[in-house]
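*Asks:* Got a structure here, written out as structure tokens. Questions coming.
The values are calculated or read from the model by the stated rules, or taken from the named source; none is laboratory data. Please read all numbers here as calculations on a predicted model, not as lab measurements. Here the Cβ is made from the backbone with ideal geometry for all residues, glycine too, and neighbour counts use every protein chain on show.
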Amino acid sequence: MKRSLRFTALSLVFLTGCAGWQPYSTQVPYTGQGPHAQIERGTPFPPLDILGNVFSTLILKKLVLWNWKVDSHYVSEETEQDLIAFIDQQEEPMMADVKYRLNQWHPVQDIKRLVSNKHVAWPYRLILGLPTTLIGDVIFAGRLFGGDHYNPFTNTVHIYSDLTPVALHEAGHAHDTSQRKYKGTWALARIVPGIDIYQEYVATDDAINHLIKMNEQQKELDSYKILWPAMGTYVGAYIPVIGGSVIGAVGGHALGRNKAHERERYHANR
């Protein structure tokens, strides 16, 4: 997965891990009871969404993570409501400024958000944020190529998978960044070996703990089966062999399913 063109380009500018001709202008703003949050949906366009599904299959993301809903280019109302519940639990002021794009391509607005995002110092936004946004959110954009991610330089979460754990994980990256004093430095820190794994762990732990708090037992179990293999791809990337990320994902599947069975027994015996 990481050796694809898109992920290789993104790694150069230290992001956490769309081309189209149709305007995706449908906007669905949401104001929560907690911090204000904006959630926008891309206008459904079946030919493009089907093509995006094909791309995800060709680069084996669905197979590696063993879930057809990865980069499905469809986000259900249920997943959106779960995301809203997570947002409403957060208290950091920066979280009120996060934009959530559900299968949406909006390059002009993303560039504007890059310019106006005062949470990250302008040198980081210029040197790292500009190429990151142009490559990851404009040229090789997820509306076609997929790739759920959080862009700290635009303070925007991009969701293309209809999976609550994945949506909460990406929102967890935003939550993690919001708690850092030097947010641009925290984004840059991914260049340091191991920091990316730590950041993935923090976002994953945040998502799972939220599901436990909300007593979403099945979604908690699902999170181990999808988020742990995903984190395994980051661990496996440090294995100096071809296919290291896949090896890491296999290990993540084994550990995640074991943890899910353990938690399932725990819930059954309560």
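*Asks:* Return only the number of the condition from (1) more than 26 Å from Pro107 (Cα to Cα); (2) among the aliphatic types (A, V, I, L, M); (3) crowded, with 24+ Cβ neighbours inside 10 Å that Val157 does not satisfy.
*Replies:* (1)
*Asks:* I would also like to ask the following. Hey, any hits in region 22-39 for a residue that's modelled with pLDDT of 90 or more and either assigned to a helix (DSSP H, G or I) or in contact with a His (Cβ under 6 Å, 6 or more places away or on another chain) (or both)? Talk me through it step by step, then tell me what you get.
*Replies:* Taking region 22-39 first, the residues modelled with pLDDT of 90 or more are 39.
When the remaining residues are screened for being either assigned to a helix (DSSP H, G or I) or in contact with a His (Cβ under 6 Å, 6 or more places away or on another chain) (or both), the result is none.
There is no residue in region 22-39 that is modelled with pLDDT of 90 or more and either assigned to a helix (DSSP H, G or I) or in contact with a His (Cβ under 6 Å, 6 or more places away or on another chain) (or both).
*Asks:* Against the definition (aliphatic (A, V, I, L, M), at pLDDT 95 or above, closer than 19 Å to Lys62 by Cβ and part of a helix (DSSP H, G or I)), how does Val235 come out, yes or no?
*Replies:* no
*Asks:* Looking for something charged (D, E, K, R) and crowded, with 24+ Cβ neighbours inside 10 Å - is there at least one such residue anywhere in region 89-103? Can you show your working first?
*Replies:* Quick first cut of region 89-103, residues charged (D, E, K, R) only: 91-92, 97, 99, 101.
Adding the requirement that they be crowded, with 24+ Cβ neighbours inside 10 Å leaves 101.
Yes: one or more hits.
*Asks:* Failed condition for Val138, given (1) closer than 23 Å to Val202 by Cβ; (2) in a helix (DSSP H, G or I), with all others met?
*Replies:* (1)
*Asks:* Taking the conditions exactly as written (β-branched (Val, Ile, Thr), at pLDDT below 90 and within 15 Å of the chain's Cα centre (by Cα)), does Thr16 satisfy them or not?
*Replies:* yes
*Asks:* Can you list the helices (runs of 4 or more DSSP H) found entirely within region 144-214 that contain at least 1 residues being modelled with pLDDT of 95 or more, closer than 16 Å to Met231 by Cα and in contact with a helix residue (DSSP H, G or I) (Cβ under 6 Å, 6 or more places away or on another chain)?
*Replies:* Working: elements: 164-178, 183-188, 195-213.
Result: 164-178, 195-213.
*Asks:* Quick check on region 251-266. Is at least one of its residues more than 23 Å from His210 (Cβ to Cβ), at pLDDT 95 or above and not in a loop (DSSP other than H, G, I, E, B)?
*Replies:* yes
*Asks:* Test Val70 against the stated conditions and say whether it is surrounded by 20 or more Cβ atoms within 10 Å (Cβ to Cβ), touching a strand residue (DSSP E or B) at 6+ places or on another chain (Cβ under 7 Å) and not in a helix (DSSP H, G or I).
*Replies:* Numbers: surrounded by 20 or more Cβ atoms within 10 Å (Cβ to Cβ): yes; touching a strand residue (DSSP E or B) at 6+ places or on another chain (Cβ under 7 Å): no; not in a helix (DSSP H, G or I): yes.
No: the conditions fail for Val70.
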